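**Q** Structure provided below as structure tokens; questions to follow.
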Amino acid sequence: MRKQYYASICVAVTILLTGCATYRVDYDIGLYEVERPAQARERYGEQKITKVQEENIEKYYFEDEMVQIAWIPIASRISFVLTNKTDYSIKIVWDEAAFVDTNGMSHRVMHSGVKYIDRNNPQPPSVIVRRGAITDDIIPSDNVYYASGDFGGWREEPLLPNSGTDARALKTKAEKYSGKTYQVLLPLEIEGIINEYIFTFKINNVEVAAAQNAEAGEVSPKKVPLKQSLKSAGIFFGAVATALLVMVIVATK
């Protein structure tokens with residue numbers, strides 16, 4: 001009886017391990033262009049976009065004479081650091097901000113500090129004092145939902161598909177977004193005037209990577225070709241399955 005019990009456990013673990021390989025998508029997303037009102041162009045001069053590699057993180061800097069914004073666009077959300085270059089306070093008018101997805105649909109947004117349950121309520125503006133800066137994140141409000149049940153709770157849907165257990169299916173799904181664009185409308189109020197800045201991001205490339213975890217927590221995946229990911233995962237889980245099957249044979253003797 002005990003041998004049959006051990007055998008059942010080993011078989012169950014074998015099935016579990018052979019199906020739990022996870023993969024992540026690495027998107028190359030760049031700041032493509034920025035639109036500003038005519039009065040902003042006249043008052044705050046020429047704009048420039050710069051790509052910078054800092055601590056293995058790609059950032060895109062937008063800059064004119066009013067603001068400098070460092071953007072870090074990833075699959076789950078959009079992070080940014082906004083620096084006020086003027087001698088006046090700047091407000092981010094969140095209730096007028098928007099995210100426009102790859103299908104051209106506009107969505108209300110929420111940002112860091114807003115409780116999930118308040119995501120559809122009015123949001124007070126963020127104030128950046130003169131020569132000051134703010135760090136924040138943007139996600140569409142309707143990407144946040146509450147899942148019921150014993151393991152329920154608040155959840156965030158990513159902007160783009162970013163994980164899965166089937167590498168080929170994940171790659172097929174993610175590649176549909178290659179070459180597409182999405183936008184962030186960020187209304188910036190200064191001296192009582194709202195300037196609508198529209199930032200367009202382009203998905204330049206898509207790669208599937210095997211997820212890696214470190215003792216201190218999850219780390220960014222290393223880019224690997226799909227065939228290599230499948231081969232490595234197959235070798236590892238095949239070895240585990242073989243070892244467990246040997247245990248089954250031994251236990252049943």
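**Q** Taking the range 109-138 only, how many residues are among the hydroxyl-bearing types (Ser, Thr, Tyr) and in contact (Cβ under 8 Å) with a residue 40 or more places away in the chain?
**A** 1
**Q** Quick check on my filter: what residues within the range 38-49 are touching a strand residue (DSSP E or B) at 6+ places or on another chain (Cβ under 7 Å) and either at pLDDT 95 or above or among the acidic types (Asp, Glu) (or both)?
**A** Hits for the range 38-49 are GLN47, LYS48, ILE49.
**Q** Give all pairs with beta carbons closer than 7 Å in which a residue from the range 158-172 that is within 11 Å of VAL208 (Cβ to Cβ) meets a residue that is in a loop (DSSP other than H, G, I, E, B); count only pairs at least 6 apart in sequence or on separate chains.
**A** ASN162/ALA75; ASN162/SER76; SER163/THR22; LEU170/PRO161
**Q** For the range 39-49, how many residues are surrounded by 14 or more Cβ atoms within 10 Å (Cβ to Cβ), of a type outside the set (Gly, Ala, Ser) and not in a strand (DSSP E or B)?
**A** Qualifying residue count for the region: 4.
**Q** Please find, among ARG168, ARG130, the residue that is in a loop (DSSP other than H, G, I, E, B) and basic (Lys, Arg).
**A** The unique qualifying residue is ARG130.
**Q** Given the structure, is GLU55 touching a helix residue (DSSP H, G or I) at 6+ places or on another chain (Cβ under 8 Å) and either closer than 24 Å to ARG130 by Cβ or among the acidic types (Asp, Glu) (or both)?
**A** no
**Q** Quick check: is even one residue across the range 44-54 in contact with a Leu (Cβ under 9 Å, 6 or more places away or on another chain), in contact (Cβ under 8 Å) with a residue 60 or more places away in the chain and not basic (Lys, Arg)?
**A** Checked against the condition, which is being in contact with a Leu (Cβ under 9 Å, 6 or more places away or on another chain), in contact (Cβ under 8 Å) with a residue 60 or more places away in the chain and not basic (Lys, Arg), the range 44-54 yields no hits at all.
**Q** Identify, from the list ILE78, ILE128, ILE74, ILE92, the residue that is of a type in the set (Val, Ile, Thr), at pLDDT below 95 and buried (at least 16 other Cβ atoms within 10 Å of the Cβ).
**A** ILE74
**Q** Another question, if that's okay. Can you find a residue in the range 223-231 that is under 17 Å from the mean Cα position of the chain (by Cα) and either among the hydroxyl-bearing types (Ser, Thr, Tyr) or at pLDDT 95 or above (or both)?
**A** no
**Q** Give all pairs with beta carbons closer than 7 Å in which a residue from the range 183-207 that is surrounded by fewer than 16 Cβ atoms within 10 Å (Cβ to Cβ) meets a residue that is among the hydroxyl-bearing types (Ser, Thr, Tyr) and not in a strand (DSSP E or B); count only pairs at least 6 apart in sequence or on separate chains.
**A** GLU191/TYR88; ASN205/SER178
**Q** State all residues of the range 94-124 that are assigned to a helix (DSSP H, G or I) and either touching a His at 6+ places or on another chain (Cβ under 9 Å) or acidic (Asp, Glu) (or both); if no residue qualifies, say none.
**A** TRP94, ASP95, GLU96, ASP118
**Q** Any idea how many residues of the range 167-182 are farther than 17 Å from ARG77 by Cα, charged (D, E, K, R), surrounded by fewer than 15 Cβ atoms within 10 Å (Cβ to Cβ) and in contact with a strand residue (DSSP E or B) (Cβ under 8 Å, 6 or more places away or on another chain)?
**A** Going through the range 167-182 one residue at a time, the tally reaches 0.
**Q** So is VAL52 modelled with pLDDT of 90 or more and loosely packed, with under 14 Cβ neighbours inside 10 Å or not?
**A** yes
**Q** Is one or more of the residues making up the range 88-104 within 17 Å of the chain's Cα centre (by Cα), farther than 29 Å from GLN39 by Cα and free of Cβ contacts under 8 Å to residues at least 60 places away in the same chain?
**A** No - not one qualifying residue is present in the range 88-104.
**Q** When you go through SER178, SER148, SER163 one by one, which is the residue that is over 21 Å from TYR44 (Cβ atoms), at pLDDT below 95 and within 18 Å of the chain's Cα centre (by Cα)?
**A** Criteria check complete, one pass: SER163.
The values are calculated or read from the model by the stated rules, or taken from the named source; none is laboratory data. Keep in mind that this is a model prediction, so the values were computed, not measured. Neighbour counts are summed over all protein chains in view; Cβ atoms, including those assigned to glycine, are modelled from backbone coordinates with ideal geometry.
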